[in-house]
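Just below is one structure, and these are the notes that go with it.
The values are calculated or read from the model by the stated rules, or taken from the named source; none is laboratory data. Since the model is a prediction, treat every value here as computed from it, not as a measurement. Cβ: placed from backbone, ideal geometry, glycine included. Neighbour counts: every protein chain shown.
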Amino acid sequence: MIAIDGPAGSGKSTTARLVAQKLGFFHLDTGAMYRAITLKILQHGVDPKDHRQLKKLLAHTRIDLKWQAGKLRVFLDKKDVTSAIRQPAVSELVSPVSAIGLIRQKMVAEQRRLAIGKNLVCEGRDIASVVFPKAQLKIYLDCSLAERARRRQQELAAQIPRAQVEKNIRTRDRLDSSRRISPLRRVPAAILIDTTHLTIDEQVAIVCALARRRLQNQN
C-alpha cells in the first residue's frame, strides 16, 4: 500500500493515478468519495450541521469506486454518479463537508472497506496519519505556493487572476492544516518529495522507484 499526502496543487491526485497504473495497483480516489457524499447531502437537502439528520443519512450510504477501461466510475448507493459529482454545487460545498467529523469517520470506514484485499495507491491529506497508518510506503508531496497556483490556474482554464488563485490555495492550506479533525500533516515516516521543479513524469518515476525498492526489501 502506498499512501500519498500533500497540500492542494502538489500533484498528488495525478501522481497517485499514474503510479497505480504503472504498478498495476488500485487507485483509491478519496476526493471523489467526499464529492459523492456531498452530492447525497445536496440531493436530500440535509443540513450538514444537523448531526441527527446527517447520522441517519450516513447510516444508509455506500460508496464504490470502479476502474473501467482506465477511467474511474463512482457509484453512490449503486448508482453511477461519476458526472454528477463534478457539478459546481458539489465543488462549492465539498471542502466544508469534508471537515465534518461524522463524515470523515464514515469515509475512513468506506476507504478501509474498499482497500480490503487490494494493492493500492491512496492520496489525500490524512492518509498516512489516519486512514492507513500502517501503509508500507508513505509519501508527502510538497510544492511552492507559486507553482501550485500556476498549476491550478491551468487546470481551471479560466481567466482567474493568479493572485486570486494563490489566495484561495493559501486559505485552503490554512483550513486543512488547522482543522481539529484529521489535519494535513507530514508523518515522521513519510518521504518528502518537493515537486516544485519536477514534471509529472519525474515525480511518478520517483514514487514508482521507491515503491519497487520497498517491495524488493520486503521480499
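Identify, by number, the condition in (1) touching a residue at least 60 places away in the same chain (Cβ under 8 Å); (2) in a helix (DSSP H, G or I); (3) closer than 18 Å to residue 12 by Cα that residue 130 doesn't meet.
Here residue 130 clears every test but (1).
Can you find, within the range 141-159, the residue that is farthest from residue 20 (Cα to Cα) among those that are part of a loop (DSSP other than H, G, I, E, B) and touching a residue at least 24 places away in the same chain (Cβ under 8 Å)? So that I can check it myself, show each step before the final result.
First pass over the range 141-159, keeping only residues part of a loop (DSSP other than H, G, I, E, B): 143-144, 157-159.
From what is left, the residues that are touching a residue at least 24 places away in the same chain (Cβ under 8 Å) are 143-144.
Numbers: 143: 21, 144: 25 Å.
Ranking the candidates gives 144 first.
So which residues in the range 1-30 are within 8 Å of residue 123 (Cβ to Cβ) and in a helix (DSSP H, G or I), if there are any at all?
Scanning the range 1-30 gives 12, 13, 15, 16, 30.
Looking at (1) surrounded by fewer than 14 Cβ atoms within 10 Å (Cβ to Cβ); (2) modelled with pLDDT of 85 or more; (3) part of a helix (DSSP H, G or I), which is the only condition residue 189 fails?
The one condition residue 189 does not meet is (3).
Residue 128 is checked against (1) small (Gly, Ala, Ser); (2) surrounded by 18 or more Cβ atoms within 10 Å (Cβ to Cβ); (3) at pLDDT below 90 and fails just one. What number does that condition carry?
So residue 128 meets the others, but not (3).
Which is within 27 Å of residue 38 (Cα to Cα) and touching a residue at least 60 places away in the same chain (Cβ under 8 Å), of 123, 166? Let's see the steps before the verdict.
Numbers: 166 fails: touching a residue at least 60 places away in the same chain (Cβ under 8 Å).
Checking each option against the conditions leaves just 123.
Filter the range 56-74 for residues that are in contact (Cβ under 8 Å) with a residue 24 or more places away in the chain and surrounded by 12 or more Cβ atoms within 10 Å (Cβ to Cβ); which is farthest from residue 101 (Cα to Cα)? Give the steps one after another, and end with the answer.
Quick first cut of the range 56-74, residues in contact (Cβ under 8 Å) with a residue 24 or more places away in the chain only: 58, 61-65, 67, 70, 72, 74.
Remaining after also requiring surrounded by 12 or more Cβ atoms within 10 Å (Cβ to Cβ): 58, 61, 63-65, 67, 72, 74.
Details: 58: 12, 61: 16, 63: 18, 64: 21, 65: 22, 67: 28, 72: 26, 74: 22 Å.
Checked the range 56-74; the qualifying residue farthest from residue 101 (Cα to Cα) is 67.
Which of the residues spanning the range 135-181 are in contact with a strand residue (DSSP E or B) (Cβ under 9 Å, 6 or more places away or on another chain) and over 20 Å from residue 200 (Cα atoms)?
As a first pass, look at the range 135-181 and keep what is in contact with a strand residue (DSSP E or B) (Cβ under 9 Å, 6 or more places away or on another chain): 135-144.
Correct list: 135, 136.
Of the residues 118, 138, which is touching a residue at least 12 places away in the same chain (Cβ under 8 Å), charged (D, E, K, R) and assigned to a loop (DSSP other than H, G, I, E, B)? Please lay out each step first, then the result.
Numbers: 138 fails: assigned to a loop (DSSP other than H, G, I, E, B).
When all the criteria are applied, what remains is 118.
Provide a single number: the residues in the range 39-77 that are outside any loop (DSSP other than H, G, I, E, B) and not basic (Lys, Arg).
First pass over the range 39-77, keeping only residues outside any loop (DSSP other than H, G, I, E, B): 39-44, 51-59, 63-68, 71-76.
Then keep just the ones that are not basic (Lys, Arg); that gives 39, 41-44, 51, 53-54, 57-59, 63-65, 67-68, 72, 74-76.
Of the residues in that region, 20 qualify.
Taking residue 109 as the residue in question, decide whether it is surrounded by fewer than 17 Cβ atoms within 10 Å (Cβ to Cβ), assigned to a helix (DSSP H, G or I) and not assigned by TED's automatic domain parsing to the domain that holds residue 15.
Working: surrounded by fewer than 17 Cβ atoms within 10 Å (Cβ to Cβ): yes; assigned to a helix (DSSP H, G or I): yes; not assigned by TED's automatic domain parsing to the domain that holds residue 15: yes.
In short, yes.
Suppose the filter is aliphatic (A, V, I, L, M) and more than 14 Å from residue 123 (Cβ to Cβ); does residue 41 pass it? Full working, then the answer.
Numbers: aliphatic (A, V, I, L, M): yes; more than 14 Å from residue 123 (Cβ to Cβ): yes.
Answer is yes for this residue.
Could you say whether any residue in the range 165-172 is of a type in the set (Ser, Thr, Tyr), touching a Ser or Thr at 6+ places or on another chain (Cβ under 8 Å) and either assigned to a helix (DSSP H, G or I) or surrounded by fewer than 21 Cβ atoms within 10 Å (Cβ to Cβ) (or both)?
Here is the first cut: in the range 165-172, the ones of a type in the set (Ser, Thr, Tyr) are 171.
With touching a Ser or Thr at 6+ places or on another chain (Cβ under 8 Å) added as a condition, the list becomes none.
No, every residue in the range 165-172 fails to be of a type in the set (Ser, Thr, Tyr), touching a Ser or Thr at 6+ places or on another chain (Cβ under 8 Å) and either assigned to a helix (DSSP H, G or I) or surrounded by fewer than 21 Cβ atoms within 10 Å (Cβ to Cβ) (or both).
Would the range 174-181 turn up any residue that is within 30 Å of residue 106 (Cβ to Cβ) and either assigned by TED's automatic domain parsing to the domain that holds residue 105 or at pLDDT 90 or above (or both)? Spell out how you get there, then give the answer.
Within the range 174-181, the first condition is being within 30 Å of residue 106 (Cβ to Cβ), and the residues that meet it are 174-181.
Filter once more, so that each one left must be either assigned by TED's automatic domain parsing to the domain that holds residue 105 or at pLDDT 90 or above (or both): none.
No: the range 174-181 contains no residue that is within 30 Å of residue 106 (Cβ to Cβ) and either assigned by TED's automatic domain parsing to the domain that holds residue 105 or at pLDDT 90 or above (or both).
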